[in-house]
Amino acid sequence: MPDEERLPLVSFHPRRDDISRTEGSGGRDDARWVLTGGDLEQRAQLLSGQLDGLLRDITNHMKKDHELPFLMVAEMDESATSKSRRSDLVALLSVRGKDNVIGLRGERELVVSVDSIDHAEKIRGVLSNVELNDKPISCLTAIRAFNPHIHIDDTTTDFDSIKIKLIDFQDKVTNQSAQQLFENHLSALNVEFERCNYGMPVPIYKLVMSPSVTVDALMSDVSRDALYSIEPMPVASASLDSFAAGPQIPILNPVEGERYETLGILDSGVERIDPLTPWLDSKSISPYPDSALDKSHGTFVAGVAMYGDTLEHQSFVEHHGIRLLDAAVFPDTQFENVEEDELIANIREVVSRFHKTVRVWNLSISMKACVDDSHFSDFGIALDNIQHEFNVLIVKSAGNTTSFADHSPSERINQGADSVRALVVGSVAFEQGVGEMAEKGNPSPFTRVGPGPEYIIKPEVCHYGGNIRLSKTSKRWKPVGVTSFALNGETMQQAGTSFSTPRVASLATSLYQEMDGPFDPLLLKALIIHSASYDENLSIPEQDRTQYVGFGVPRSTSDILQTNPHEITLILRDELRKGQFIDILDFPMPKSLIRNGYYTGQITATLVYDPVLDSTQGLEYCQSNIDVKFGSYSSKTNRDTTKQNILNPVGREGSQNIFLTSRYGKKQMKQDTSSFAQTERQLIQYGTKYYPVKKYAVDLKNMSPANQRKCLTPDKLWYLTISGLYRNHVEQLISKEDSAPTPQPLCLIMTVKDPHGKLPIYDDVIQSLDAHNFIHSDLNVSQHVDVSNIQ
C-alpha cells in the first residue's frame, strides 16, 4: 500500500447488553421419518430378535472373572444423526439415568456398554413398547456384538510393531481394570510392550513383533473384551532430493537489542552452517546421537524459514529475523524407522521443555498413511493434545504424493494433517518454467489435498512450495522451485509441502514478535487465514478451492497487521459459554458505503474457534460448533420476558443474514471479473457443519436485485450474531456431571472495505464504535511492521 496512510487493526469487545441468553426454540421435529404401522412393528421385531440372539453372549460375559461390561453396537439410521433424535436413542440404550453410549465408531455405529442382564432386559422392554418408543426404534437399524477392528492378519510382515487401542469405557475405574487385565495377558504371553502417551484418557500400547504376538493369541483371553483395535504401528517419513547448487547469499546477523521470537524446527536436525548459526539457539535437542541423524531435510526447512524471502527475492513473509531451535525428532531412516508413538513422544518431550520460550513449531514430517473418512487419526489427536496442553501452535505440512507421475488424482492429506488445532499448509507453484506441470498460483503437482475427516477444511492455507519438471523424452521428473541450503551451506533447489510450511510457520512467528501481548495461537491462526487469498490464475472451480488450497496464500507480516483509510479490520477475541450467545445489534456498518440507494462494499469474515474435542466419538471428534451470522434488520423490538422461553428483553425484526449463498445472483457473480471475485470471494454453505474454521467473503454488488431491496436499503440497521451448539454426547455429560463445559475460545476477524478505495471507512467505523459505547483499541505492533525496516 505505497503512498498511503497505514492504520492498525482494531480490537473491539461486545458490550454487556450484547451477551444474550440462549432461548428454547420450541421447534418441532419433522416426524415424516418416523416409522408407523407394520413398518414400525417389523423394525421392533428385528431389533428384539437381534437382542435376543445376544442374550447368551451377554450371560456368558457376565460369568467371566472381570468387571468389564459387555459391548454391543447399535447401528443408526441416517435419520439419527440430528441432535434431537440422538437423545431419544441414547435414552433407549441407557439404564437408570446412566449414559451407556460410550463412543461412536464410523459414521453410524454407537458403542454401548451393557452392565447386566437386567440392562439388556430393560432395552428389550423398551423395544416391545412400540408406540411409545416409535422415534428411537425408527432410528435403529441393527444391534450386534462389538468386535475389535483388526487391520492386520497373521501373514502380515511389512511392519515392526503392533499398535493396540483399548476401549475407553468413560469410567476411570473400569478403564484401569481393562488396562490391568490386558497387561496381565501380555505378561502371560511374555510379550514386550510400551504404554504410549497420545494424550487420550486410555493409553495406546505398542507391542514388539515376536512369534507369540499374533492376532489369535491377543484375542484368546478375556482381555479381548478390552480391545478396540489392532493395527500396524504407523511409520513417519521425510524425504529430500538435492541437486543444482545455486549462488551464495549474504549472511544476516541479529541486531543487538531487537526482539526475536523462536521458531521450533521439529525435523531431522539442522546443520550449523554459516548462514543459520547466528540464528540457531545455542541448545539443540534430540533423543538421537548426531551419528544417527541426516540433517538435510531439517537444514533445508530452517533455511526457508529464515531466508525464504532473501533466497527468492520476494516479500512473502517480511520478517526482520527469527530465532531457530533445532529439535531433531526424526532419525536417519536409512538406518532406522521412526514409528508413530516414538515421534509423538519426541515431539511431546521437546515441546514440554521449551514451550515457555518457543511458541510456534514447524512440523514438516508426515505419517505415510493418508487420513481415513471413518475417524480422525491418532497422530492428529495427539498433536491437538500437545497444542492444548502447552499452549503452542504447530504449523503442519499437508504431505506429498507422487500420484501425478501416472496421472492419478491427488491423494488425501497425510495422517496428522487432520489435527484440528494445527495450521495445515499445502503448496502452490509460484511460477511455471519450461516443462513444469503446474501453472502459476495453482496447486503444486505433489501437494496432498483435503478435506479432512468429516469434511473439515484441511489444509487451511497454502504457500509457495515448488513445482515438478517433466522430461520431454521420458516419464522422469524432478522437483524444482524452492531455494534453500544443503549441508555444506551452498544453495540448492527442492520442492514439497515440507518447504511451503516453514514460510507460514515463520509468518506466524513474525506476527507474534511484532505484536504486544501474550501468545495467542487462535489469533495468529485467524490473522493468517483471514489474510489468505487465491491467485488470479487459479483454475480450480470456486466450490472446490478449499479442498485443494484451503483459503489460499496468506499475505506478508506488514500487510496482515496494517490497513488503509478505505477499509477497517475488526478483531473480536472472546469466549462463548454454554447457554449464551453474542448478539450485537449496533454493528458499525459505515453509512458512507451507501451508493445509489443501497449499501455497497466488500465484507470478509473469518471465524476460528477452539472446539470441545473427544477422541472417543469417532467422526464426531469435534463436539461443539460456533456459527456467525451478519446482516441487516428492520428494527429493534421490546420482548415480553414474562413469557415462557423469552429470556432476552430486546430483539430484532426482519433479520437478513448476508452470508447466505442464496442472497447472491448467479448472473451477477458470473459477470463479476474483479480481483476480489477471483481471489477472495467465499460463498461456502456451511450449514450445521462442525468446521473449526469458517470464512466468508462477499461483495454486496453481487446480491440479487430482490435481495438488495430486502437487505441493503439505507434505513437498515446491522447486526452480528455468534452462537454455539454442542453435540448430544456433550449434552449428556453436562446432564450427568451437572456442570457446564469449558467456554469455547473464539476469534472473529471482519474486514469492511470500499472496493473503489475512496471512502473514509476506517474513520466512519471508529466514530460509530465510539457513538455506540464499544470498548475498542488498536492492535499494538512494533515499528518493524514498517516495510522500510523489514529485510
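The values are calculated or read from the model by the stated rules, or taken from the named source; none is laboratory data. Only a predicted model underlies this, so the values are computations on that prediction, with no experimental measurement involved. Quick reminder, even Gly has a Cβ in these numbers, built from the backbone with ideal geometry, and neighbours come from all protein chains shown. Accessible surface is based on the protein model in full, side chains and every heavy atom, while ligands, DNA and RNA are left aside. Shrake-Rupley method; radii C 1.70, N 1.55, O 1.52, S 1.80 Å.
Miscellaneous remarks
- Hey, residue 770 farther than 29 Å from residue 313 by Cα, charged (D, E, K, R), modelled with pLDDT of 85 or more and surrounded by fewer than 15 Cβ atoms within 10 Å (Cβ to Cβ) or not: yes
- When restricted to residues that are within 22 Å of residue 527 (Cα to Cα) and either surrounded by fewer than 19 Cβ atoms within 10 Å (Cβ to Cβ) or out of contact with any Leu (no Cβ under 6 Å at 6 or more places or on another chain) (or both), segment 577-590 contains 2.
- Taking the criterion of being of a type in the set (A, V, I, L, M) and either out of contact with any Ser or Thr (no Cβ under 7 Å at 6 or more places or on another chain) or in a loop (DSSP other than H, G, I, E, B) (or both), the residues of segment 583-599 that qualify are 584, 585, 589, 594.
- Matching residues in segment 632-670 - criterion: being assigned to a loop (DSSP other than H, G, I, E, B), in contact with a Pro (Cβ under 8 Å, 6 or more places away or on another chain), of a type outside the set (Lys, Arg) and open to solvent by 30 Å² or more (accessible area, probe 1.4 Å): 641
- Of the residues making up segment 276-319, those that are open to solvent by less than 10 Å² (accessible area, probe 1.4 Å) and not in a helix (DSSP H, G or I) are 276, 317.
- Every residue from segment 171-205 that is open to solvent by 20 Å² or more (accessible area, probe 1.4 Å) and closer than 23 Å to residue 379 by Cβ: 179, 192, 193, 194, 195, 197, 199, 200, 201, 203
- Selection status of residue 710, at pLDDT 90 or above and surrounded by fewer than 20 Cβ atoms within 10 Å (Cβ to Cβ): yes
- Test: residue 770 is assigned to a helix (DSSP H, G or I), among the acidic types (Asp, Glu) and closer than 16 Å to residue 603 by Cα: no
- Residue tally, condition out of contact with any Lys or Arg (no Cβ under 8 Å at 6 or more places or on another chain), under 29 Å from residue 728 (Cα atoms) and among the charged types (D, E, K, R), over segment 617-656: 2
- The criterion of being touching a Lys or Arg at 6+ places or on another chain (Cβ under 6 Å), assigned to a strand (DSSP E or B), of a type in the set (A, V, I, L, M, F, W, C) and crowded, with 24+ Cβ neighbours inside 10 Å does not hold for residue 395.
- Among (1) at pLDDT 95 or above; (2) touching a Gly at 6+ places or on another chain (Cβ under 7 Å); (3) open to solvent by less than 10 Å² (accessible area, probe 1.4 Å); (4) closer than 22 Å to residue 451 by Cβ - the single one residue 526 does not satisfy: (2)
For (1) part of a strand (DSSP E or B); (2) touching a residue at least 60 places away in the same chain (Cβ under 8 Å); (3) more than 29 Å from the chain's Cα centre (by Cα), each residue gets a yes or a no:
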residue	(1), (2), (3)
420	no, yes, no
426	yes, yes, no
432	no, no, yes
440	no, yes, no
454	no, yes, no
459	no, yes, no
487	no, yes, yes
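- For residue 556: the one exception among (1) touching a strand residue (DSSP E or B) at 6+ places or on another chain (Cβ under 7 Å); (2) closer than 30 Å to residue 515 by Cα; (3) open to solvent by less than 10 Å² (accessible area, probe 1.4 Å): (1)
- Filtering segment 535-553 to residues that are surrounded by fewer than 20 Cβ atoms within 10 Å (Cβ to Cβ) and under 29 Å from residue 762 (Cβ atoms) leaves 535, 536.
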